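Report on one structure; see the data block that follows.
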Amino acid sequence: HPEKGRAWYRLAVSLHGEGKQDAAVAAYQKAMQAGVPASAAEYGLAVAYASKHDADSSFRYLDKSVQDGFNDPDRLTAELEFSFLQPDPRFAKAVEFAARNRKPCAFNPLNRQFDFWIGQWDVVTADASRNAAGTSRIDLILGDCVIQENWTSSGNIGYEGKSYNIYNPDLHRWEQFWNDNAGGMIHFYGELKDGVMDYWTDEIPQKDGSKLRRHLQFIPSGPDQVRQFSQGSTDGGKTWHVEYDFLYNRKK
């Protein structure tokens, strides 16, 4: 029963505070059996065993706790940093894994594939004229899981939009959701291929009765320039026409 588990957990915390570590260990185990999240109870057991100067038992439960999702490296450091455990390399490993649990996307190489687009950019057309097309700020948000674009157009005054880009671990692909202040929405999906973020849409019905499929590419050229190249096809991919071709130049 959840309430019974919480009662055992509160008792365990109280017993630990009173220095009654053997009783605290038993209460934490009862709490876990009664449904308290394993990561919380296991962390409590690790702290109790540390107070008993039983390093092996403490690290055994600390490892279980981070494996089960414990994600508070600051608490771990604050409560155990000055204990006898701190010099042990297993302590630093536990802190690292707790940090990874807090921000899993930050440490997943697949989520970092599109980081080359992050920054502030002046955007121009890729033709010889290099006309101003707009400005864009690309931010990393939501625990480093989402790459958010903030676009303001130069040519179409008042036009703004945002895109949200994230790696979808279930479908094993990148996805972009574009939204603008004209009510537009486009869903892209694709992958990083040969260093290029390669996005596609499904066929989208148009007002004239045709169906438009888009192919959008982000092509990095060194650390300070990204080409954004969009093509469209209304004949099932037999022929393609350029929709726009932009160069993103990093602001200095």
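The values are calculated or read from the model by the stated rules, or taken from the named source; none is laboratory data. Treat the numbers as computed from the prediction; the structure is a model and nothing was measured. Please note: Cβ atoms are built from the backbone with ideal geometry, for glycine as well, and neighbour counts cover all protein chains shown. The protein model used for the area step is the full one, side chains on, heavy atoms only, and it has no ligands, DNA or RNA in it. Shrake-Rupley method; radii C 1.70, N 1.55, O 1.52, S 1.80 Å.
Any residue at all in the range 240-247 that is assigned to a strand (DSSP E or B), out of contact with any His (no Cβ under 8 Å at 6 or more places or on another chain) and within 18 Å of Q113 (Cα to Cα)? No. Number of residues in the range 193-208 that are part of a strand (DSSP E or B) and open to solvent by 70 Å² or more (accessible area, probe 1.4 Å) equals 2.
Restricting the first member to the range 181-208 and to residues that are farther than 20 Å from E160 by Cβ and at pLDDT 95 or above, and the second to residues that are hydroxyl-bearing (S, T, Y) and open to solvent by less than 80 Å² (accessible area, probe 1.4 Å), the beta-carbon pairs closer than 6 Å and six or more apart or on different chains are G190/Y199. Among the residues of the range 94-121, the one identified as under 9 Å from the mean Cα position of the chain (by Cα) and among the aliphatic types (A, V, I, L, M) is A106.
Residues that are outside any strand (DSSP E or B), more than 32 Å from the chain's Cα centre (by Cα) and free of Cβ contacts under 8 Å to residues at least 24 places away in the same chain were ranked within the range 209-235; the one that is surrounded by the most Cβ atoms within 10 Å (Cβ to Cβ) is D235. Please determine, by comparing only the residues of the range 27-41 that are farther than 23 Å from A94 by Cα and not charged (D, E, K, R), which one is least open to solvent (accessible area, probe 1.4 Å). Restricting to residues being farther than 23 Å from A94 by Cα and not charged (D, E, K, R), the top hit is A27. Look at T239 and say whether it is loosely packed, with under 15 Cβ neighbours inside 10 Å and touching a Ser or Thr at 6+ places or on another chain (Cβ under 9 Å). The answer is yes for T239.
Table: residues versus (1) modelled with pLDDT under 95; (2) of a type in the set (F, W, Y); (3) open to solvent by less than 30 Å² (accessible area, probe 1.4 Å).
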site: Y43; (1), (2), (3): no, yes, yes
site: H53; (1), (2), (3): yes, no, no
site: L62; (1), (2), (3): no, no, yes
site: G69; (1), (2), (3): no, no, no
site: D72; (1), (2), (3): no, no, no
site: T77; (1), (2), (3): yes, no, no
site: L85; (1), (2), (3): yes, no, yes
site: A92; (1), (2), (3): yes, no, no
site: A98; (1), (2), (3): no, no, yes
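Residue-by-condition table, conditions (1) more than 19 Å from W117 (Cα to Cα); (2) among the small types (G, A, S); (3) open to solvent by less than 60 Å² (accessible area, probe 1.4 Å); (4) not in a loop (DSSP other than H, G, I, E, B):
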residue: E149; (1), (2), (3), (4): no, no, yes, yes
residue: G161; (1), (2), (3), (4): no, yes, yes, yes
residue: D170; (1), (2), (3), (4): yes, no, no, no
residue: E175; (1), (2), (3), (4): no, no, yes, yes
residue: G183; (1), (2), (3), (4): yes, yes, no, no
residue: F188; (1), (2), (3), (4): no, no, yes, yes
residue: E191; (1), (2), (3), (4): no, no, no, yes
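For the range 135-145, indicate whether the set of residues that are out of contact with any strand residue (DSSP E or B) (no Cβ under 7 Å at 6 or more places or on another chain), at pLDDT 95 or above, surrounded by 15 or more Cβ atoms within 10 Å (Cβ to Cβ) and not in a strand (DSSP E or B) is non-empty. Checked against the condition, which is being out of contact with any strand residue (DSSP E or B) (no Cβ under 7 Å at 6 or more places or on another chain), at pLDDT 95 or above, surrounded by 15 or more Cβ atoms within 10 Å (Cβ to Cβ) and not in a strand (DSSP E or B), the range 135-145 yields at least one hit.
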